[in-house]
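Okay, structure first, notes after.
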Amino acid sequence: MRRKNYDRKIPTHNYLKYWRVIRYWAKAKYGLTTPDLDMMFFLYSEDYFNKTKFKDFEQIMSWDVNRFNSLLKNEWISVWRKRKGKEATLYELSFKGKIAINTIYRKLNGEEIAESPTINPLFKKNVNYMDKVYRLKIIEMNEFIKLQRHLFLE
């Protein structure tokens, strides 16, 4: 009897493999909700936007009447141009917001997440059970990344 070939083809794209871990880390690090992150990912590639464009994309998210004002107050978005006559106020993702999203993209592309309690809130001593579970996953993820990098360099 002949054996079937079950060789698995290695996927070419797997950067979302650790998305759940990275998202949990980002929410803890930046104090954002999942819809806030989704909105910031959308706004990341938008140059400037008005409140109408924000509200238009927000329609597909969980309802939060304060999302816009919260992101503005916490400086995730900023005013680019104030209202002038008939021209609407224009906003942009703030420098702080751009840095946060860029950092998340770097983690998705294989950069390790810091395991230091001074940099990463999940590695502090007084964290809850789920933070400890995700902390272990971050350690596993970092080990996987190191192994992949080592194999690539050989």
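The numbers here are math on the coordinates, done by the rules we state, and not lab data. Remember, it's a predicted structure, so these values are computed and weren't measured experimentally. Cβ: placed from backbone, ideal geometry, glycine included. Neighbour counts: every protein chain shown.
General remarks:
- Residue exposure sequence - S78, S116 - by fewest surrounding Cβ within 10 Å: S116, S78
- More than 23 angstrom apart: percent of Cα pairs within the stretch 1-130: 46 percent
- Residues of the stretch 20-62 falling in the label zone of K84, defined by backbone nitrogen less than 19 Å from a point 7 Å along Cα to beta-carbon, are 47-51.
- Dipole moment magnitude, nearest 20 debye, the stretch 19-147 about Cα centre, only Lys, Arg, Asp, Glu C-beta charged: 380 debye
- Estimated inter-spin distance, M61 and S116, nm [label 7 Å along Cα→Cβ]: 3.1 nm
- Distance violations [Cα-Cα > 25 Å] among K55/K98; K73/K124; K27/K107: K73/K124
- The sum of -39500 (n - 2.57) across all DSSP H runs of n ≥ 4, divided by the residue count of the chain, sets its helix-only mean residue ellipticity at 222 nm to -16000 deg cm²/dmol.
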